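Notes follow the structure.
The values are calculated or read from the model by the stated rules, or taken from the named source; none is laboratory data. Computed from a predicted structure; not experimentally measured. With ideal geometry, Cβ positions are generated from the backbone for all residues, glycine too; neighbour counts draw on all protein chains shown. To get the accessible areas, we keep the full protein, side chains included, count just its heavy atoms, and leave off ligands, DNA and RNA. Shrake-Rupley method; radii C 1.70, N 1.55, O 1.52, S 1.80 Å.
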Amino acid sequence: MKKKWIALMTVCTMAAITAGCSSESSTETAAPTTQAGSSAVQEESGESSISNEDLSGTITFTIWDNNLNDFIEQNDMVGKFQEMYPNAEIEVEKIKDDTEYWNAMKMRASANQLPDVMFNKPFTLSRFKDYLLDLSDTEAAKNNTLAEGYALDGKILGIPMTSGYEYVYYWKDMFQEAGVEVPDTWPEFVEAAKTLQEYFGKDNPDFMAVACGLKDEWPDYPYMEFMPALESGNGQNWNTMASEDEPFADGTDINKAYKKVYDLFTSGALGKDPLGLGNDQVTTLFAAKEAAIIALGDWGLQNIQTGAEDISQLGTFYLPARNTEEDPYNVIVQGDSFMGVTTHSKNPELATAFVEWFYSDAWYPDYINYVSSASAMENFPKEKDPILAEADQLCPDMELIMYDGGGDDFTALQNETAFDYKKLGAQMLTDGFDLDATFADLNTKWTAARQKLGIQ
């Protein structure tokens, strides 16, 4: 059995395209499978017309995720797949990072040279929708808890590999000492943060009630990226904004959400110098109990555990964006790493068989247990870490909001208006910042950009 492994950077990808390697486009879709790991096409009689041995050829699987790459290498994914499909060959192409990945995929789409199997993010599915086959009839899609929610025009074009949740990590003993309870609403959250800052900050001038490393800008994403969706209960809020001339006006979801964030950020609860610290620094401070609260995804737990001497008092709850207990308790969930088969594949049946196999018991359970993210497959549930599970226990009435990062129209408007929500969060803490003036300026730019770009 022949195993191929290629590690390429974008420059290599560009060279291959420039060289004019040919790739025929195919729009054939593989028929539904009857069992995990099998891509046999079933006729009405129920007999298989294509066996595993009949499926032969080479497919390319392109990734950027280092964790996935390590797991693939350590567990001989290619060899295991070939045990079931002995005449198949897989080229695993590792691109340096997601930035180079998207640059490469954009060029390849134009050159008719996309790989057989590629990954997408929620906000790139619409960008590549004309280059992806419908996987709705696959067992992988049917067993996935999120795939249908991200369907475009009724078609499942990518199957999310994991589901991600966002948490507020906190130290229970610090809450107890300061007389603070786990907040259930946004006003309670802000008040708890201010109380913690006053209590511990009086003896420790470097204390941060809410650890947020705004020197890096991106760590404010739980507030600046997700709060508008939590406010509205609309996971498509960025796409909704793309259809509006003045999405930052008074009373809009983003206006209300950012006013809440502004009140928190300017309350003093972020300590004396959040703009001078990056994410690694504030995570270290939190692990050392120099901070009481930090908002991160499930991936943040490992970083905290690594830095903390004792996590027996570490707990989690979901960010309470709601105003009152009568309002819905919205919680963000998002699919990640959407595996799809491209229309450029010369062997879509084999490519689809690989996707089915990847999400079968032959591969997926071991992988999902390797990473910290939650399972996206209902047939392979993963028990949450007890620390993360506490958030579920505290919020039995949660309403899950399936988050979409925004499509091409929103991205085009972002670029045209220079609207960067993560940068905006950091700017809130600069001298002379005026939130209302910023909203007015963004509305003016947004209206002009929609007209210039012809976005309806």
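Computed quantities for the displayed model
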read-out: Rounded percent of accessible protein surface that carbon and sulfur make up, segment 219-368, 1.4 Å probe; value: 42 percent
read-out: Backbone HN-Hα couplings from phi across segment 139-151 [Karplus 6.51/-1.76/1.60, Hz, Gly and Pro as x]; value: 5, 4, 5, 5, 8, 8, 6, 10, 4, 4, x, 9, 5
read-out: Separation of the Asp420 and Glu383 label points, Cα + 7 Å toward Cβ, nm; value: 4.4 nm
read-out: Charge dipole magnitude, Cβ of K and R +1, D and E -1 - segment 193-315, Cα centre, debye nearest 20; value: 340 debye
read-out: Other-chain or far-sequence residues with amide H under 5 Å of Gly297's (modelled H); value: Tyr167
read-out: Ranked by how many other beta carbons lie within 10 Å on average, peptides 290-302, 364-376 from highest; value: 290-302, 364-376
read-out: Backbone HN-Hα couplings from phi across segment 60-67 [Karplus 6.51/-1.76/1.60, Hz, Gly and Pro as x]; value: 10, 10, 10, 9, 10, 6, 5, 4
read-out: Extended-chain gain in nm, criterion 0.36 nm per residue less alpha-carbon gap, Asp397 and Glu191; value: 71.9 nm
read-out: Cα-based reach from Lys259 at 23 Å (exclusive), listing lysines while leaving out same-chain residues under 8 positions away; value: Lys194, Lys215, Lys272, Lys422, Lys423, Lys445
read-out: Cα gyration tensor, the chain - rounded (a/c under 1.5), prolate or oblate; value: prolate
read-out: For segment 110-123, 3J(HN,Hα) per residue [Karplus equation, 6.51 cos²θ - 1.76 cosθ + 1.60, θ = phi - 60°, Hz, x = Gly/Pro]; value: 5, 8, 6, 10, 5, x, 5, 10, 9, 9, 9, 9, x, 7
read-out: Burial ranking of peptide ranges 408-416, 210-218, 223-231, 430-438 (average Cβ count within 10 Å, highest at the top); value: 223-231, 210-218, 408-416, 430-438
read-out: Overall form of segment 167-235 per C-alpha gyration tensor (a/c, 1.5; a/b vs b/c); value: oblate
read-out: Most positive-pole-ward Cα, Tyr131, Tyr169, Met208, against dipole of segment 89-235 from beta carbon charges; value: Tyr131
read-out: Listed residue (Gly158, Asn237, Pro187) projecting farthest to the positive dipole end of segment 140-254, Cβ model; value: Gly158
read-out: Electrostatic dipole magnitude of the chain [Cβ: Lys, Arg +1; Asp, Glu -1; Cα centre; debye, to 20]; value: 1220 debye
read-out: Of all DSSP beta bridges in the chain, antiparallel share, percent nearest 5; value: 55 percent
read-out: Å² of accessible area per residue within the chain, as computed with a 1.4 Å probe and no ligands counted; value: 43 Å²
read-out: Cα-centred dipole magnitude for segment 280-416, charges only on beta-carbon of K, R (+1) and D, E (-1), debye, nearest 20; value: 340 debye
read-out: Kirkwood-based Rg to Rh ratio, segment 317-415, C-alpha trace; value: 1.07
read-out: Distance in nm between pseudo-label sites at Gln451 and Lys80 (7 Å out along the Cβ direction from Cα); value: 5.7 nm
read-out: For Gly407, residues with placed amide H under 5 Å, excluding near neighbours; value: Asn239
read-out: Ellipticity estimate at 222 nm from DSSP helix runs (n ≥ 4, -39,500 (n - 2.57)) divided over the chain, nearest 500; value: -11000 deg cm²/dmol
read-out: Ranked by how many other beta carbons lie within 10 Å on average, peptides 383-395, 258-270 from highest; value: 258-270, 383-395
read-out: Portion, in percent, of the accessible area of segment 373-456 that falls on carbon or sulfur, probe 1.4 Å; value: 48 percent
read-out: Rounded, prolate or oblate (a/c below 1.5 giving rounded, otherwise prolate when a/b exceeds b/c) for segment 260-322 by Cα gyration tensor; value: oblate
